[in-house]
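What follows is a short report on a single structure.
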Amino acid sequence: LQASLDGDIWLPDDGTEANTIATTADFAANNLFGTSVTGRVTLGGYGEDPSQTPTQGREPQRLSAYQIAIDTTSLRVIEDETYIGSAWGVAQDIAGDAGYTIVPDYDPEIYAIEAFEPGSQTRSSDGWIEIDHEHKNVTEGYYNAITIVGSRDEETDELPQVTVESQSEIEEKGRIEGPAIERTDLTSTPQLISAAQSALAEGIAADTDTGSITIESQLVYPGYAYQIPDECKRSNGGEFPDDVTHLTVQSTQFEWGEMTVNFDEDDFIGVLRSLRGDLELTRRATR
């Protein structure tokens, strides 16, 4: 059992791929990257019978089931792209294409930048002197089940469909199905499943906590998740729910000695990752 990104290098190749029913190919450990994975199975005879010729490998094998499970990140693999501009501008473009935030570190001793998924890095709000705050919970466009309709099969005249739903979200809010999405560019079941998972993550991420906190001016970096000050919590007379501990800074605005910090917790990537193991999948074809 082996897997490959390019059909040339197959992993594992250390002997663990032989005489086994499951194996693991660690591409990152071998500094290999790509956008598709191909698996292969090599079957051979087994068993022996000294009274027959040949004596070895007389029993055949049959492949009855085959499954590839992939653990990956949301970081985009960028291939054949050309970026033009200043070093800082190109760095921003690359980070943006990968779905990352890029932030400079204004340390007088060094000049460094940090790239990370928005909200994945946290910072403290200790020292903030709050002037005002506002909180909103937005649910417009939310759904926890979605159907993707693919391209009609010309030979069978069947219309493939895939429906995915989040069990945990349904248990919490009830089943809310989004409008079916037609994707005539998709022909295979894996393509439909992938598109449905992304669409489902978008629907769940539409249930967002947003708002702003105005503080006495100080440096606050967008992209980081800052803790919500206790004085902004409902238990202390504020507007932010007590169970909302951190929100991602979307933007900041400075005016007359005050800094307004705008939050947006539309965590599409986080939702997409958390859906693993939480999906109910239904596949069907209609005529």
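Identify the residue in segment 203-228 that is assigned to a strand (DSSP E or B) and β-branched (Val, Ile, Thr) and, among all such residues, is farthest from residue 252 (Cα to Cα).
In the first step, residues of segment 203-228 are kept if they are assigned to a strand (DSSP E or B); the result is 208-216, 225-227.
Now narrow it down to the ones that are β-branched (Val, Ile, Thr): 208, 210, 213-215.
Details: 208: 19, 210: 14, 213: 10, 214: 10, 215: 11 Å.
The qualifying residue farthest from residue 252 (Cα to Cα) is 208.
In segment 158-174, the residue that is surrounded by the most Cβ atoms within 10 Å (Cβ to Cβ) out of those that are modelled with pLDDT under 85 and charged (D, E, K, R) is 169.
Condition first: polar (S, T, N, Q) and without any contact (Cβ under 8 Å) to a residue 40 or more places away in the chain. Now tell me which residues in segment 137-152 satisfy that. Walk me through how you get there before you give the answer.
Of segment 137-152, the ones polar (S, T, N, Q) are 137, 139, 144, 147, 151.
The one that is polar (S, T, N, Q) and without any contact (Cβ under 8 Å) to a residue 40 or more places away in the chain: 151.
You will find that of 130, 134, 177, 155, the residue that is surrounded by fewer than 19 Cβ atoms within 10 Å (Cβ to Cβ), over 22 Å from the mean Cα position of the chain (by Cα) and free of Cβ contacts under 8 Å to residues at least 40 places away in the same chain is 155 and no other. The residues of segment 133-152 that are modelled with pLDDT of 85 or more, not β-branched (Val, Ile, Thr) and not in a loop (DSSP other than H, G, I, E, B) amount to a single one, 145.
For segment 180-237, which positions are of a type in the set (Phe, Trp, Tyr) and surrounded by 19 or more Cβ atoms within 10 Å (Cβ to Cβ)? Don't jump to the end; show me each part of the working.
Pass one, segment 180-237, residues of a type in the set (Phe, Trp, Tyr): 221, 224, 226.
The answer is 224, 226.
The values are calculated or read from the model by the stated rules, or taken from the named source; none is laboratory data. Bear in mind the structure is a predicted one, so any value in this text is a computation, not a measurement. Positions of Cβ are backbone-derived with ideal geometry, glycine not excepted, and every protein chain shown enters the neighbour counts.
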